[in-house]
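Engineer: Below are the C-alpha cells for one structure; questions will follow.
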Amino acid sequence: MFWLAEGLIYRRQDSFVHSLDPRVKLIISLSLFILSLFSNTIFEFTILLSTIFILGIVSKVFRRMIKTITFSLTFVAMIFLVNLLVGYELIFSIIISLRFIAIISSSSIFFLTSSPDELDLVMRSLHLPYDLIFAFVTAVRFVPVILLDALQIIDSQRSRGLEIEKGNLFKRIRNYIPVLVPLIVQSIIRSEELAEAMESRAYGFSKKRTSYYKLSFRRRDYFALFSCLSFIILFIILVYYFRV
C-alpha cells in the first residue's frame with residue numbers, strides 16, 4: 001500500500017504542465033471535470049479519458065494517476081453494481097462508472113501537478129478567508145502523510161504478531177485498535193508541532209498578509225488556455241454531430 005500513499009503526495013516534475021500558472025491548471029482541471037458531468041456516451045468518455053491520460057503523460061504523472069484510479073476501482077465496482085441492481089441498463093451503468101473515473105482523473109491533473117503552496121496562492125487569488133485556506137491546504141498536505149504513518153504502524157504491529165485480517169467483521173475492527181491509538185497519538189504530536197510553528201511565526205498577528213511569490217500569466221499560460229478552449233469547442237462540436 002505504500003505505492004498508493006506515495007501516489008497521493010505532490011512531487012515536483014520538470015514538465016510543461018507543472019510550469020503553468022496554477023490558475024490555468026485549475027481551469028483545465030475544472031473544464032475536464034465539467035465535461036465529464038455532461039458526457040453521456042461511451043464515445044464521449046473515450047475522447048475525454050484519452051485527453052486526460054495524454055495530459056497525465058505530458059505532465060509525467062500518468063503512473064501516479066493510475067495509482068489513484070486503482071484505489072478508486074472499488075468504488076467504481078460498487079457504483080456499477082448498484083446501478084445494475086436498481087434496474088438500470090448495462091450501458092448506463094458503464095457510463096456512470098466511466099464518469100466517476102473521469103472525475104477522479106480530471107481532479108488528479110490539478111492536485112498531482114500543483115504544490116500545496118500553489119494551491120494556497122490560487123485560493124488567495126479568489127479572496128477566500130485565510131483561515132479557511134490554511135485549514136484546507138494543511139489537510140491536503142498532511143492527509144497523505146498520515147496515510148503513510150498508518151501504513152508504517154500497520155507493518156510494525158504485524159511484525160509484532162498482530163493479525164489484522166483474521167476473524168469476522170467485528171473482530172477485524174477490534175484488531176485495528178492497536179493501529180488507531182498510536183496513529184491518533186502521532187497526529188496529536190504533529191498538530192502540536194504545527195501549532196508551535198504557527199506561534200513562532202506570529203500567525204494571525206497581521207490581517208494584511210503578503211506573499212513572497214506572485215502569480216502572473218506567461219506565454220505558455222495563454223497557449224494552454226487557448227488549447228483548453230479549442231478542445232472544449234471541438235468536443236462540443238463532436239458531441240453535437242454524433243448525437244444528431
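Engineer: Identify the single condition in (1) farther than 27 Å from SER108 by Cα; (2) without any contact (Cβ under 8 Å) to a residue 12 or more places away in the chain that LEU128 does not satisfy, given that it satisfies every other one.
Structural biologist: (1) is the only condition that LEU128 fails.
Engineer: Out of region 39-49, which residues are assigned to a helix (DSSP H, G or I) and either surrounded by 14 or more Cβ atoms within 10 Å (Cβ to Cβ) or among the charged types (D, E, K, R) (or both)? First the steps, then the outcome.
Structural biologist: At the first step, the residues of region 39-49 found to be assigned to a helix (DSSP H, G or I) are 42-49.
Result: GLU44, PHE45, ILE47, LEU48, LEU49.
Engineer: Which of the residues belonging to region 193-206 are part of a helix (DSSP H, G or I) and open to solvent by less than 80 Å² (accessible area, probe 1.4 Å)? First the steps, then the outcome.
Structural biologist: Going residue by residue through region 193-206, those that are part of a helix (DSSP H, G or I) are 193-200.
Hits for region 193-206 are LEU194, ALA195, ALA197, MET198.
Engineer: Among ILE34, ILE52, which is the only one that is among the β-branched types (Val, Ile, Thr) and open to solvent by less than 20 Å² (accessible area, probe 1.4 Å)? Break it down into steps so the answer makes sense when it comes.
Structural biologist: Numbers: ILE34 fails: open to solvent by less than 20 Å² (accessible area, probe 1.4 Å).
The match here is ILE52.
Engineer: Out of the helices (runs of 4 or more DSSP H) lying entirely within region 80-186, which hold 3 or more residues that are open to solvent by 80 Å² or more (accessible area, probe 1.4 Å) and within 28 Å of LEU48 (Cα to Cα)?
Structural biologist: Details: elements: 90-113, 116-125, 130-159, 169-175.
Correct list: 90-113.
Engineer: Also, quick follow-up: Of the residues that make up region 60-74, is at least one among the aromatic types (Phe, Trp, Tyr), part of a helix (DSSP H, G or I) and modelled with pLDDT of 90 or more? Break it down stepwise before answering.
Structural biologist: As a first pass, look at region 60-74 and keep what is among the aromatic types (Phe, Trp, Tyr): 62, 71.
Narrowing further to those that are part of a helix (DSSP H, G or I): 62, 71.
Of the ones still in play, those that are also modelled with pLDDT of 90 or more are none.
No.
One line per residue, one yes/no per condition, for (1) over 25 Å from PRO22 (Cβ atoms); (2) at pLDDT 80 or above:
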{"residue": "VAL122", "(1), (2)": "no, yes"}
{"residue": "ASP149", "(1), (2)": "yes, yes"}
{"residue": "GLN152", "(1), (2)": "yes, yes"}
{"residue": "VAL179", "(1), (2)": "yes, yes"}
{"residue": "ARG201", "(1), (2)": "no, no"}
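Engineer: If you don't mind, there's one more thing I want to ask. Give ARG190, ARG209, ARG220 a once-over and let me know the one that is among the basic types (Lys, Arg), within 25 Å of MET123 (Cβ to Cβ), open to solvent by less than 90 Å² (accessible area, probe 1.4 Å) and in contact (Cβ under 8 Å) with a residue 40 or more places away in the chain.
Structural biologist: Testing whether each residue is among the basic types (Lys, Arg), within 25 Å of MET123 (Cβ to Cβ), open to solvent by less than 90 Å² (accessible area, probe 1.4 Å) and in contact (Cβ under 8 Å) with a residue 40 or more places away in the chain leaves just ARG190.
Engineer: Now a separate question. Anything in region 189-209 that is of a type in the set (Ser, Thr, Tyr) and under 28 Å from the mean Cα position of the chain (by Cα)? List them, or say none. Don't jump to the end; show me each part of the working.
Structural biologist: Going through region 189-209, the residues of a type in the set (Ser, Thr, Tyr) turn out to be 191, 200, 203, 206.
SER191, TYR203, listed by residue number.
The values are calculated or read from the model by the stated rules, or taken from the named source; none is laboratory data. Since we're looking at a predicted model, the values are computed, not measured. Note that each Cβ is placed from the backbone with ideal geometry, even for glycine, and that neighbours are counted across all protein chains shown. Calculation scope for accessible area: heavy atoms of the full protein, side chains included, ligands and nucleic acids excluded. Shrake-Rupley method; radii C 1.70, N 1.55, O 1.52, S 1.80 Å.
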